[in-house]
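What follows is a single structure, written as C-alpha cells, with notes after it.
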Amino acid sequence: MSSSTSVNAVWLGTAGLFVSDGETAFYIDPYVSRISAFSVFGGRKISPDIKSIDTCISRTSGQNAAAVMIGHSHFDHLLDAPEFARKTGAMLIGSESTANVGYGAGLPQDRIRVIKNGDAIALGAFNIRFIEGIHGPAFLGRIPYPGVIEKPFAPPVKASDYRLGGFYGMVVSHPLGTFIHHGSAGWIPGMYDGIKAHTIFLCLAGRKNTRSYIEETVLKTGAKRIIPVHHDWFFSPFEKGVHLLKGVGIDEFISEAMKTVPETEVRFVPALMSFRVF
C-alpha cells in the first residue's frame, strides 16, 4: 500500500507530463526538443536534442523513472522518448509503432512493451489503462502523418517518418485519485463510458467540434478539473517564452466548457513547474 500523500505532475510542453507520487515516477509523451517549424515542414531530418532531454530529466528529478508511455507515435510525442528511456532506465510503453522506434534506438527488447486497447500497466501504486481513440484533424482538417511505423529506424529522419501508429488515451488510477491523459483532440464515441476521473489533461490542438469533444471526454467522466495541454507553439524553445499555437481557440474552448460543464474548473498550468494533481 502506498504511503504517498500527493500525486504531482510537471507539464513539459506539448502533451508531455512527468508524474510522481514520491515513490514511483513516469513520463507521458515527453517531447522537449521543440524542433523548428522550418525543419519539420521543410522536410529536414530531425534528431532529439540531448541537452534539452538531460536538462528536463534533471529538472524533474526523473533519473529513476519507471516508464515512458506514449499515446501515439507522431514526432512531437515520440521523438525524445527512447532517449528518456535510455537515460533513466525506464520501460518504453506504446504501440507497435512506438516499439519499432525504440528498437531502432537500440533499447533492449525487455525494456519495451507493446500495448493494445484495454491493456493495463501497474507501476507502484499507479495503474494505467490504455483506451483506444482516434487522432484529431490537426492539420488542414486532416490527421497528419497517418499510418504505422512498420520497421525500426533511428534518427535523424524526417518528422513525417513518425507515423501515427494509433492513438490511446491513458486512465491513470492511484489510491489518491484518477486522472486521464488525452493527448489528441479526437475521440471514439463512448471510449470513456463507465470511467470516472477527477482531472483530465486535454489536448486543445486540432479539435473540430469543441462541445462534442468536451461531452465525450469531460462530461462523461465527471472530471472536476480540465488541465489543457498541447496548446503551445512547440516549434520554439521555452527560453523564447510559451506562445499559443496559431488558431488554437483558447477563448472558444473556455466558453464551450463553461456552457457544457459549468461546474468543472479549467486550469492552465505553467510549463516545467510541479503542481499537485490530487
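The values are calculated or read from the model by the stated rules, or taken from the named source; none is laboratory data. All values reported here derive from a predicted model rather than from experimental measurement. Neighbour counts are summed over all protein chains in view; Cβ atoms, including those assigned to glycine, are modelled from backbone coordinates with ideal geometry. Surface accessibility is based on the protein's heavy atoms, side chains included, excluding ligands, DNA and RNA. Shrake-Rupley method; radii C 1.70, N 1.55, O 1.52, S 1.80 Å.
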J(HN,Hα) series, the range 17-26, from Karplus relation 6.51 cos²θ - 1.76 cosθ + 1.60, nearest Hz, glycine and proline x: 9, 10, 10, 8, 10, x, 10, 10, 9, 7
Peptide ranges 11-24, 120-133 listed from the most packed, as the mean C-beta count within 10 angstrom indicates: 11-24, 120-133
Accessible area in square angstrom per residue, the range 85-167, 1.4 angstrom probe: 48
The range 33-61 and the range 205-278: distance between their alpha carbon centers, rounded to Å: 23
Whole-angstrom gap from the range 181-201 to the range 82-144, using each part's C-alpha centre: 17
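Quick check on the chain: what are the equivalent-ellipsoid semi-axes from the Cα gyration tensor, as sqrt(5λ), descending, whole Å? Kindly include the intermediate steps, with their values, before the conclusion.
Details: eigenvalues 128, 100, 66 Å².
Whole-Å semi-axes of the equivalent ellipsoid: 25, 22, 18.
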Net charge, T199 excluded, C-beta distance under 12 Å - Lys, Arg +1, Asp, Glu -1: +4
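Quick check on packing: order 174-185, 207-218, 53-64 by the mean number of other C-beta atoms within 10 Å, highest mean leading. Could the numbers behind the result be given before it?
Values: 174-185: 22.8, 207-218: 18.7, 53-64: 16.7.
Packing order, densest peptide first, comes out as 174-185, 207-218, 53-64.
Once you list every other residue whose beta carbon is under 14 Å from the beta carbon of G16, what net charge do they have if Lys and Arg are +1 and Asp and Glu are -1?
Working: positive: R34, R59; negative: D29, D49, D76, D80, E83, D232.
Computed value for this residue: -4.
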Cβ-defined net charge surrounding H174, 12 Å radius [Lys, Arg +1; Asp, Glu -1]: -2
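Whenever you get a sec, line up E256, E239 from highest to lowest accessible area (probe 1.4 Å, protein heavy atoms). Working shown, then result.
Numbers: E256 35, E239 165 Å².
Final ranking, largest accessible area leading: E239, E256.
Ratio to report: Rg/Rh of the range 40-176, with Cα atoms as the point set and Rh obtained by the Kirkwood method; give two decimals.
Rounded to two decimals, Rg over Rh is 0.96.
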Listed residue pairs exceeding 20 Å between alpha carbons, taken from K45/K116; K51/K87; K196/K224; K87/K158; K45/K87: K45/K116; K87/K158; K45/K87
Near-label residues of the range 34-63 by backbone N, under 19 Å of a point 7 Å along Cα→Cβ of F153: 34-49
Reachable aspartates and glutamates, given that their alpha-carbon falls under 14 Å from the alpha-carbon of K151 and they are not under 8 places away in the same chain: E96, D161
